[in-house]
1. Taking region 113-134 as the search range and keeping residues that are polar (S, T, N, Q) and open to solvent by 60 Å² or more (accessible area, probe 1.4 Å), which one is modelled with the highest pLDDT?
2. Give region 84-107 a look and list any residue that's among the polar types (S, T, N, Q) and closer than 26 Å to Arg14 by Cα, or say none.
3. Within the set of pairs 6 or more residues apart or between chains, which connect a residue that is among the hydroxyl-bearing types (Ser, Thr, Tyr) inside region 108-121 to a residue that is modelled with pLDDT under 90 with Cβ atoms less than 9 Å apart?
4. Name the strands (runs of 3 or more DSSP E) wholly within region 17-112 that hold at least 3 residues that are over 21 Å from Thr7 (Cα atoms) and open to solvent by 20 Å² or more (accessible area, probe 1.4 Å)?
5. Would you confirm whether any residue within region 97-105 is touching a Phe, Trp or Tyr at 6+ places or on another chain (Cβ under 7 Å), modelled with pLDDT of 95 or more and among the charged types (D, E, K, R)?
Amino acid sequence: MHTTGHTPRRLKKRPQFLRVAGKGRKVATPGMVVQILPDDTATETRVGFTVTKKVGNSVIRNRTRRRLREALRLVAREDGLPSGDFVLIGRDKTRERDFSLLKDDLRQALRKGLDVNFRESPRGPSGKGRDRAK
């Protein structure tokens, strides 16, 4: 696993987010959801942030996004980040969760998502239930 020591670049375009969602792994923690698409051949780390309107108005969504950005900045500085693409998705609990727990959630998600033995939910990588009763 190649870790980068510099500030990660941003994912900004919708197709970039969709690529990570479609091909990557998804890890849910109490404070956030992290989608991870590792790439050992890449020399850079790219990160995107998203918070849906279900979380709240624009002020709340922006505050949630700032907390995610700061948690990532501190975790990257302390632990480093592997190369690849990452999308951090804010939840309702992101803004009220204790900040040290939020950083721990991010570390846990990165550890789980980068583990080669990590198994996704039995419903498949999309999270949509194929095994749902008709």
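The values are calculated or read from the model by the stated rules, or taken from the named source; none is laboratory data. This structure is a prediction, so every number in the text was calculated from the model and none was measured. Cβ coordinates were reconstructed from backbone atoms using ideal geometry, including for glycine residues, and neighbour counts include every protein chain displayed. The area values use the complete protein model at the heavy-atom level, side chains included, leaving out ligands, DNA and RNA. Shrake-Rupley method; radii C 1.70, N 1.55, O 1.52, S 1.80 Å.
1. Step one: list which residues in region 113-134 are polar (S, T, N, Q), which gives 117, 121, 126.
Pick out the ones that are also open to solvent by 60 Å² or more (accessible area, probe 1.4 Å) and you get 117, 126.
Working: Asn117: 67, Ser126: 51.
Looking at residues that are polar (S, T, N, Q) and open to solvent by 60 Å² or more (accessible area, probe 1.4 Å), I get Asn117.
2. Matches in region 84-107: Thr94 only.
3. Ser121/Gly127
4. Filter on region 17-112 gives 25-28.
5. No, region 97-105 has no match at all.
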